[in-house]
Amino acid sequence: MAPQFGLAATVALVYLRFLDADFVGTDSLPAVQSNRLEGWSDLVAIWTQPLMAGSDFVVSQALFYRPIASLSFAFDAGVWGVNPVGYHLTNTLLQVTTTLLAFAVFRALRLSRGAAVLGAALLAFHPTMVAAVPVIARRYDVLSAALLFGALALLCRGGGVWTRTTSVALFAASLLAKESAFGALVLLPFLLYAARYVRHRWTNEHPLVYVRALTPYVLVAGLIFVVRYAILGGLGGHHDVDVLSLNFEDYRVMLDRYVFFLFWPFRHIYPEHTLGWAVLVLVVVVAVAVALTQLQKSSRVLVGLGLLWAASFGAFFVLLHHLAGPWYLYYPLLGVGLVVAASADAAWTAVQGRALRRERLASAALAAVALVYTAATLAGSPLVRPDDQWQVAGQIMHRYLSGIQKCTEGLPSETSVTLWNAPRMFDDGSEESSLLLASMIEGFTYDAYIRLFRPGQHFKLFIGQPVTYRSLPADLEVSCGWGGPNLRRVIATSSELPAPAFPTG
């Protein structure tokens, strides 16, 4: 069996264990509820309205335009209905697809099969990926990344008009799955340069060659940006973020989060944030730069492209205040995987060939840094760690949502329903919890749940007491009560939970 298919099978086996994560993630139920197709008007609305239009998410959280992602949820809704297992299965298949397409990009850049598998495995199993795949609503990133990587692989390989057209179409679909893919636009010339160099060993082509090759990507990105701007009435994004503000403290925090998540495997070795991490990264970059000066140009081009790719996406996220969670790292991890794969290939080539001693030493040092990073990453990945927080959070959420369904059965519309000890987050005290960010229920989550399971009815929902759960209490019970003639209560009780602070008087 080809090694890439063995890698794909391993990815599937690793992430299939999260099929029972239920609707964990505050956005998951709104994503399912708002993207069901019940007629042609719903299909048109997906293309002409913001993401999750008609739900409280648009009012209270953010404005996005992601019709391709919405179509994927609509497809799942048509196949699986409201069974969360099917949605998780789709997420797993997308993770497998993204891994294979990352492998295809590396192979299109003429890296060896073994090096390409290593780079793709780094992306597939990086610890940040376990913060993405088990959450239905975090599909946007993996779907957009899969489409983007497919476009890049075809761009690197070159070919006839159909290949170029397919690449542009995949790039457009990636932009319509999540806006983060816009960050790749400025990197396309560098990618094309690298692909042409490693294939032909020369790059004295006229600049018009690059202009002609990349113009369709620029035009389609411009068109999508204009459509997106018109539909959202602006740049969109989270309501509490002003992407045009020059808030340097925000930039510092975003940079800190980006570097911390990227170097998550080394958090114990170097726990200091901000300045310390910046110094560490600077030292590594200088060491790598010195080593690169001694390598063959093809290796310098590929490693340099990988570093530029990761740094550019970091700048894109930071400047646009766009880094909300570790699941954003699909895009820059392609660059990190390229650095690892190209470094491994350079070392292997130097050992096999008759390279100069300084070239062998430089390639060995570069490969050692890359392999240490990869080994640390895989040691903290879902390949090794159980990451069972998702299963526990899924059970808690399932129990509470079932309680809501039971307590609202037979209620007349407009009844007020207050939720007590509602699971807001799951945090078992481990460091992994700060990576997983296992959110569960907000007001718009309940609203979507009622719309799904109590169609045609409307309740006035209130959260009386949100709680961060530390474990699945053995004596957890969800019961129903009344706080007045028209006030229903959904109450979670346990010896581990605070007593409900019902209002008096």
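The values are calculated or read from the model by the stated rules, or taken from the named source; none is laboratory data. Here the structure is a predicted model, which is why all the values come from computation and not from measurement. All Cβ positions, glycine included, derive from the backbone under ideal geometry; neighbour counts span all protein chains shown. For accessibility, only protein heavy atoms count, side chains too; no ligands or nucleic acids. Shrake-Rupley method; radii C 1.70, N 1.55, O 1.52, S 1.80 Å.
Some observations on this one:
- Simple Cβ-charge dipole of segment 381-476, Lys/Arg +1 and Asp/Glu -1, about Cα centre, in debye nearest 20: 360 debye
- Cβ charges +1 (Lys, Arg) and -1 (Asp, Glu), total dipole of segment 284-397, debye: 580 debye
- Nearest-ten-degree value, helix 330-352 long axis tilted from longest Cα axis of the chain: 30 degrees
- Solvent-accessible area, 1.4 Å probe, carbon plus sulfur percent, for the chain: 65 percent
- Taking Lys and Arg as +1 and Asp and Glu as -1, the other residues whose beta-carbon sits under 14 Å from that of V32 total -2.
- Local electrostatic count at Q457 - Lys and Arg +1, Asp and Glu -1, tallied over other residues with Cβ under 14 Å: +1
- Rounded to 10°, Cα long-axis angle of helix 297-319 versus longest principal axis of the chain: 30 degrees
- For the Cα trace of segment 87-206, dividing Rg by the Kirkwood Rh returns an Rg/Rh value of 0.99.
- Segments 432-440, 146-154 sorted - mean Cβ within 10 Å per residue, highest first: 146-154, 432-440
- Shape parameters for segment 7-91, alpha-carbon atoms, Rg then Dmax in Å: 14.0, 42
- For Q465, the amide hydrogen comes within under 5 Å of the amide hydrogens of L419, N421, A422, counting only partners 5 or more places away or on other chains and with H modelled in the peptide plane.
- Rounded to the nearest 10 Å², the accessible area of V161 at probe 1.4 Å: 90 Å²
- Positive-end residue, the chain charge dipole about Cα centroid, Cβ charges, pick of Y258, L214, T92: L214
- Taking the chain as a whole, the Cys residues whose C-beta sits 4.7 Å or farther from every other Cys C-beta are C156.
- Estimated dipole of the chain in Debye, rounded to 20 [Cβ of Lys and Arg +1, of Asp and Glu -1, Cα centre]: 2140 debye
- Sorting I136, I231 by solvent-accessible area of protein heavy atoms yields I231, I136, largest first, with a 1.4 Å probe.
- Value of relative contact order over segment 108-197, rounded to a whole percent, pairs C-alpha under 8 Å and six or more apart: 31 percent
- Per-residue ³J(HN,Hα) for segment 245-260, Karplus 6.51 cos²θ - 1.76 cosθ + 1.60, θ = phi - 60°, Hz, x for Gly and Pro: 6, 9, 9, 6, 5, 4, 4, 4, 5, 5, 4, 4, 5, 4, 5, 5
- Distant-in-sequence amide H partners of R489 (H built 1.01 Å from N, under 5 Å): T418, G481, W482, G483
- Relative contact order (percent, whole number), the chain, Cα cutoff 8 Å, 6+ residue spacing: 19 percent
- Summed residue charge, Cβ within 12 Å of P3's Cβ, Lys/Arg positive, Asp/Glu negative: +2
- A convex hull fitted to the Cα coordinates of segment 67-132 yields 100 cubic angstrom per residue.
- Segment 1-75-segment 127-168 distance, computed between alpha-carbon centres (Å): 15 Å
- Quarter of Cα convex hull surface for the chain, i.e. mean projection, nm²: 26.3 nm²
- Calculated P(r) tail over 22 Å for segment 276-384, as whole % of Cα pairs: 35 percent
- Rolling a 1.4 Å probe across all protein chains gives R199 an accessible area of roughly 70 Å².
- Residue-normalised accessible area of segment 427-505, expressed per residue, 1.4 Å probe, Å²: 49 Å²
- Reduced Cα scattering model of segment 360-449, Debye log10 I(q)/I(0), q = 0.13, 0.25 Å⁻¹: -0.62, -1.24
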